[in-house]
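The values are calculated or read from the model by the stated rules, or taken from the named source; none is laboratory data. Only a predicted model underlies this, so the values are computations on that prediction, with no experimental measurement involved. As a convention, Cβ positions derive from the backbone with ideal geometry for all residues, glycine included, and neighbour counts pool all protein chains shown.
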Amino acid sequence: MSSQRISAPNKKSLQTHLQALLQDYEASQIFVLCDENSLRHCVSILQDCHPVFRESERIVCLPAGDEHKNIESLCKVWQALSQGKATRKALLINVGGGMISDLGGFAAASFKRGIDFMNIPTTLLSCVDAALGGKTGINFNGLKNEVGAFCPAKAVIIHTPFFDSLDWANRCSGYAEMLKHGLLSSVEHWNEVLSLDLDHCQTEAFGEAVLHSMLVKENIVQQDPTEKGLRKALNLGHTIGHAFESLSHHRKEPVLHGFAVAWGLVCELYLSAKLLQFPHARLQEAITCIKETYGAFHFTCEDYPFLLEAMHHDKKNHDAAIRFALLSDIGNIHIDQSAEEKLIAESLDFYRDVFGI
């Protein structure tokens, strides 16, 4: 279930790769999905690469933001494909961040029981996470990625100049997944990620770190495409992080996915320290980086029941227990770890203490 990953560092290589990939599809059967931000900043760059990016009737544009990764947006994509007379030989090109690649991949996987799609990630988060690995889906009933399917993209095209258009918050959002990959990988990669300067995304060092981060995920996915075992490691920080994200949507004050994951890492590394003796010094390194980069997510003990209920809905659970991917050290992964609600609440207390809330 792996996708062809293509690096296109400049416009000429982007054009060459796109033309080669699209030559096997009829022009009338190629469709583009984007959001308002990628339409404004990125689709215009792609217009010289292929005529489809200049044909408004072939472009489906959604409002930006993860709160729009829902059934209504999915129906809009299905409707556009149907009205455009898409057949099973159609191709959907997803140009955007994680919301677009997740939703667009699911739209393609389910339309006529499956059409081809490719991802052109335009955010750091999508590049190192959502565009890779074949996970697709939408949020449903207030829960993150509650409905979806495993379906790999035909290709993932990486064009790093797109990251220049990102604001600071969206760079930080992608950086959180790089922190996670560093923790899952090695001390060397962890230190590499910690040393990055988010103000300079076009440096050689940053590009190498992004590549290393992508390879961490690709290696895990290749070993376990459908998340039966090792791939669950990629959920480090996500069980509690998704609960934070769900709470933010419940409040109608949505936070970016990467911010929620970063905050979730603090809690889950605390659980790792309690249950598996994850080194205290490494925990402090992570806390220092995350506090400086992401600030704090504010919640009180009155929010604990909502957060715990959200964790019980996590897809990794296969019984009444809440399951986590935890670490005994950097690179030493332990999947399917359970924690009692009392200890999870203790991790939330720890979070509030270290962030001073």
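Okay, residues lined up against (1) at pLDDT below 95; (2) within 14 Å of the chain's Cα centre (by Cα):
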residue: Pro225; (1), (2): yes, no
residue: Lys228; (1), (2): yes, no
residue: Leu234; (1), (2): no, yes
residue: Gly237; (1), (2): no, yes
residue: Ala243; (1), (2): no, no
residue: Ser246; (1), (2): yes, no
residue: Leu256; (1), (2): yes, yes
residue: Ala262; (1), (2): no, yes
residue: Ser272; (1), (2): no, no
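Considering the conditions (1) farther than 23 Å from Phe31 by Cβ; (2) assigned by TED's automatic domain parsing to the domain that holds Glu36; (3) touching a Phe, Trp or Tyr at 6+ places or on another chain (Cβ under 6 Å); (4) surrounded by 24 or more Cβ atoms within 10 Å (Cβ to Cβ), Ala153 is excluded by exactly one of them, (1). Consider Ser328 carefully, then state whether it is assigned to a helix (DSSP H, G or I) and closer than 29 Å to Ile220 by Cα. No: the conditions fail for Ser328. No other residue among Ala80, Ala64, Ala8 is surrounded by 14 or more Cβ atoms within 10 Å (Cβ to Cβ), within 22 Å of the chain's Cα centre (by Cα) and within 23 Å of Phe111 (Cβ to Cβ) apart from Ala64.
In this structure, does Phe278 turn out to be in contact with a strand residue (DSSP E or B) (Cβ under 6 Å, 6 or more places away or on another chain) and either over 18 Å from Arg323 (Cβ atoms) or not basic (Lys, Arg) (or both)?
Yes, satisfied.
Within 25 Å of the chain's Cα centre (by Cα) and either free of Cβ contacts under 8 Å to residues at least 24 places away in the same chain or not assigned by TED's automatic domain parsing to the domain that holds His250 (or both), is that true of Glu55?
Taking the combined requirement at face value, the residue does not satisfy it.
Taking the conditions exactly as written (hydroxyl-bearing (Ser, Thr, Tyr), outside any loop (DSSP other than H, G, I, E, B) and surrounded by 18 or more Cβ atoms within 10 Å (Cβ to Cβ)), does Ser101 satisfy them or not? Yes; evaluated as a whole, the condition is true for this residue.
Here's the yes/no breakdown for (1) assigned by TED's automatic domain parsing to the domain that holds Gly207; (2) touching a Gly at 6+ places or on another chain (Cβ under 7 Å); (3) within 27 Å of Ala169 (Cβ to Cβ):
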| site | (1), (2), (3) |
| --- | --- |
| Lys69 | no, no, yes |
| Gln83 | no, no, no |
| Leu91 | no, no, no |
| Asn94 | no, yes, yes |
| Gly98 | no, no, yes |
| Ser110 | no, no, no |
